[in-house]
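A quick write-up on the structure given underneath.
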Amino acid sequence: MSLHPAFAPVWPATAAPWPARQPLPHRAGLGLKPEHFDHVHARQPDVGFFEVHAENYLVDGGPLHHHLTRIRENYPLSMHGVGLSIGGEEPLDTVHLDALTQLVDRYQPALFSEHLAWSSHGGVFFNDLLPLPYNLPTLQRVCDHIDQVQSRLGRSLLIENPSTYVEFASSTWSEGDFLREVIHRSGCGLLLDVNNVYVSSINHGRDPQRSLCELPCHAASEVHLAGFAEDLDSAGDRLLIDTHGAPVAAAVWALYDTALAITGPLPTLIERDNDLPAFEVLRQEARLAERHLSTVASAAAHARPCPRTKTTRCATSQERVA
């Protein structure tokens, strides 16, 4: 359940103290779903960490907080926001941001992340994460919003590269260069969604390996893996849809290996939000991710820098001081 930001609660001042912030291990984690609460309580499965969508917990008490409180006592936690609309043209919703701040203070997750996207405008909230034009006005707006979020949370956030289906004629930056400049100006980090890299690359007719190497992978602190659905667009071309409703595809696993060769081992989340299987099915997928992590950890002691490509564009001096 997601709560409209206008109904965000104020947490009781008497709330119990929470464990100190723990870093995420360089292991695989799972998205925590209510369907799996009982299994986690009963079995205490060997999972590196859990991640929750923050907006599902903007409620005052109730069973969701009861279960998350118990699970947080035994596992590192990451929080993933889906409603800040960091790329939106309007000011951030301060009621929403205040509620997120109280939630983060309450559970002390190791990481908090959001999307390079927008999802609200004119008081209307859309059920999607929508793309941005990559240009200087957008860059300045996104950086201002990230600064506001980081100041309010008292910590750095991770910004996730999006899955996209359309591009803007007004874009003057590649996605990789835009993200690199956002990170340079704001001091935030990258949540590297490997599935999104693959989906966007196929949809726009690009080489996924090259797209990955244009991203600021050096700034990544967490990786997301997920499944996609496949369709055809109006021209009959292949169209991938980021559904989080299927196992991770073989091509995404291969791209994940490339990412790990660049970044070194990183906490890796298996995302599954639709057509949810039994917990042990997801746990097996997490174990597969850990085998990939172990392979790259034993292959090299240090990550290698991401190679630059001819299409990678640096900010001009005028843009850097803007």
*Extension gain (nm, one decimal) between Glu280 and Ser170, 0.36 nm per residue minus Cα-Cα*: 35.0 nm
*Ala261-Leu288 FRET efficiency (beta carbon distance; Förster radius 22 Å; 0.05 resolution)*: 0.80
*Cβ under 12 Å from His26's Cβ, His26 left aside: what net charge do those residues give with Lys, Arg +1 and Asp, Glu -1?*
-1
*Quote the charge dipole size of segment 229-295 about the Cα centre in Debye, to the nearest 20; the model charges only the Cβ of Lys and Arg (+1) and of Asp and Glu (-1).*
380 debye
*Measuring from label point to label point, each 7 Å out along Cα→Cβ, what is the Ala235 to Asp46 span in nm?*
4.9 nm
*Keeping all protein chains in position, work out how much accessible area Arg141 exposes to a 1.4 Å probe, and write it in Å² to the nearest 10.*
50 Å²
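Which net charge results when you count Lys and Arg as +1 and Asp and Glu as -1 among the other residues whose beta-carbon is under 13 Å from that of Gly205?
-1
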*Heavy-atom accessible area order for Ser298, Ser163, Ser78, largest first, 1.4 Å probe*: Ser298, Ser163, Ser78
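The values are calculated or read from the model by the stated rules, or taken from the named source; none is laboratory data. Note that the structure is a prediction, hence the values are computed from the model and not measured. Quick reminder, even Gly has a Cβ in these numbers, built from the backbone with ideal geometry, and neighbours come from all protein chains shown. SASA here: full protein model, heavy atoms, side chains in, ligands and nucleic acids out. Shrake-Rupley method; radii C 1.70, N 1.55, O 1.52, S 1.80 Å.
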